[in-house]
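Rule-based calculations on the coordinates, nothing more; no lab input. Note that this is a predicted model, so its numbers are computed, not measured. Methodologically, a virtual Cβ is constructed for each residue, glycine included, from the backbone with ideal geometry; neighbour enumeration extends over all protein chains shown.
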Amino acid sequence: MCQLLGMNANTPTDVMFSFTGLATRAVEHKDGFGIAFFEDRGLRHFVDNRSATQSPVAELVKHFPIRSDHVIAHIRKATQGRVALENTHPFVRELWGRYWVFAHNGDLRGFAPRLHGAFRPVGDTDSELAFCWLMQELAKAHASVPSVEELSRTLRELLPQPAAHGTFNVLLSNGQALWAHCSTHLHALERRHPFGAARLADEDLSVDFSALTTPRDRVCVVATEPLTRHEPWQALLPGEMRVIAGGQTVDAGPCC
């Protein structure tokens, strides 16, 4: 299956250390990669249906000075849908005048919701179908952009429905918060003062965050599997949804 990476911070932060750790795993997850990061209400979105180890787009991203407080990245190992650009995560839609970004790890069987609104898949993955359905149901539940707390309550009701059809590890963001839903494998790490050094689990690369941060900084990273060694990654429980804002978990618990 695929691998996910999400980052949320209380100040625009460089995500390249974590993205390098994720891209290293693209030898096995070779069916495409993508990354989306918010800049205020704007969004930069890069995808390629080639492996992140071979893609010139990935090389561009690695050298791009990305500083963002909301990032979602994905490397794909296809289970449904052909290897094609339109099937490459993360997917992006607009709702209530805000961009929404979605990435999925897993496989859904028999999930065939009726889509009757403005949200339609471009590709043929179960992931994009689930995202379109989710956007449709959010639009039905709220007339305009609600608070993070209201959105979280609605998502706790909605996410178990596709999850009942298989594995549904998901990252979702609209630039206000990062929502992480776990079916099987998701891990979270919060970095805050006093910052220390970290070393990637799959590559001989380390960074001393104390030289790059201030005492006020907070960063939360979510990944399918821990990206670094000797840091206190915490496994999310099956059925758990976490709400992350300002670089820290603000709500966590099982869905309805």
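In square nanometres, what is one fourth of the surface area of the convex hull spanned by the alpha carbons of segment 101-230?
Numbers: hull surface 40.3 nm².
Approximately 10.1 nm², given one-decimal rounding.
Two decimals, Cα atoms only, Kirkwood Rh: what is Rg/Rh over segment 3-254?
Numbers: Rg = 16.9 Å, Rh = 18.1 Å.
Rounded to two decimals, Rg over Rh is 0.94.
How would you rank 169-179, 147-157, 185-195, highest first, on the average number of other Cβ atoms within 10 Å across their residues? Walk me through the intermediate numbers first.
Numbers: 169-179: 24.0, 147-157: 15.6, 185-195: 17.8.
Descending mean neighbour count gives 169-179, 185-195, 147-157.
What size of dipole, in debye to the nearest 20, comes out for the chain about its Cα centre when the only charges are +1 on Lys and Arg C-beta atoms and -1 on Asp and Glu C-beta atoms? Intermediate values should be presented prior to the final figure.
On the way: 25 positive and 28 negative charges, 51 e Å.
Dipole size: approximately 240 debye.
Mind checking the full-extension length gain between ARG109 and GLN161? Use 0.36 nm per residue of separation minus the Cα-Cα distance, one decimal, nm.
Numbers: separation 52, 0.36 × 52 = 18.72 nm, distance 1.20 nm.
Result: 17.5 nm gained on full extension.
Between ALA197, ALA130, ALA223, find the one with the highest GNM mean-square fluctuation for the chain; connect C-alpha pairs within less than 10 Å.
Highest fluctuation of the listed residues: ALA197.
Calculate the FRET efficiency for ALA197 and GLU150 from the Cβ-Cβ distance with a Förster distance of 30 Å, rounded to the nearest 0.05. Show your work: numbers first, answer last.
Values: r = 39 Å, r/R0 = 1.32.
According to the calculation, E is roughly 0.15.
Compute the distance in nm between two label points, each set 7 Å from the Cα along the Cα-to-Cβ direction, one at MET16 and one at HIS230.
My value for the distance between the label points is 2.4 nm.
Take TRP96 and GLU59, extend 7 Å from each Cα along the Cα→Cβ direction, and tell me the distance between the two endpoints in nm.
Label at TRP96, label at GLU59, 4.2 nm between them.
As a test of the formula, what do you get for the chain when each DSSP H run with n ≥ 4 contributes -39,500 (n - 2.57) and the sum is divided by the residue count, at 222 nm and rounded to the nearest 500 deg cm²/dmol? Mind dumping the intermediate values first?
Numbers: 5 runs with 48 residues, N = 256.
Calculated from helices alone, the mean residue ellipticity at 222 nm is -5500 deg cm²/dmol.
Whole number please: convex hull volume per residue, Cα atoms of segment 57-175, in Å³.
Hull volume normalised by residue count: 115 Å³.
So, by mean Cβ neighbours within 10 angstrom, what's the order for 132-138, 33-39, 120-126, 57-63 with the highest one leading?
On the way: 132-138: 20.9, 33-39: 25.0, 120-126: 17.1, 57-63: 15.6.
So the peptides 132-138, 33-39, 120-126, 57-63, ranked by packing, come out 33-39, 132-138, 120-126, 57-63.
Post the alpha-carbon centroid distance, segment 12-71 to segment 187-228, in whole angstrom.
Comparing the Cα centres of segment 12-71 and segment 187-228, I get a distance of 17 Å.
Can you work out the FRET efficiency for the pair HIS45 and ASP208, with r the C-beta to C-beta distance and R0 = 22 Å, to the nearest 0.05?
Efficiency, from the Cβ-Cβ distance: 0.10.
Treating the beta-carbon of each Lys and Arg as +1 and of each Asp and Glu as -1, no other charges, what is the dipole magnitude of segment 84-228 about its Cα centre, to the nearest 20 debye? Intermediate values should be presented prior to the final figure.
Details: 13 positive and 17 negative charges, 108 e Å.
Magnitude of the dipole: close to 520 debye.
Kirkwood-based Rg over Rh for segment 190-256 (C-alpha set), two decimals?
Values: Rg = 13.5 Å, Rh = 13.4 Å.
Rg divided by Rh gives 1.01.
Grab the Cα-Cα distance for ASP251 and ALA139, subtract it from 0.36 nm times how many residues apart they are, and report the gain in nm with one decimal. Write out the running numbers ahead of the final one.
Numbers: separation 112, 0.36 × 112 = 40.32 nm, distance 2.24 nm.
Extending this stretch completely gives an extra 38.1 nm.
Calculate one ³J(HN,Hα) per residue across segment 173-188 by plugging θ = phi - 60° into the Karplus curve 6.51 cos²θ - 1.76 cosθ + 1.60, and present them in order as whole Hz with x for glycine and proline.
8, 10, x, 9, 7, 10, 9, 10, 10, 10, 9, 10, 9, 8, 10, 10
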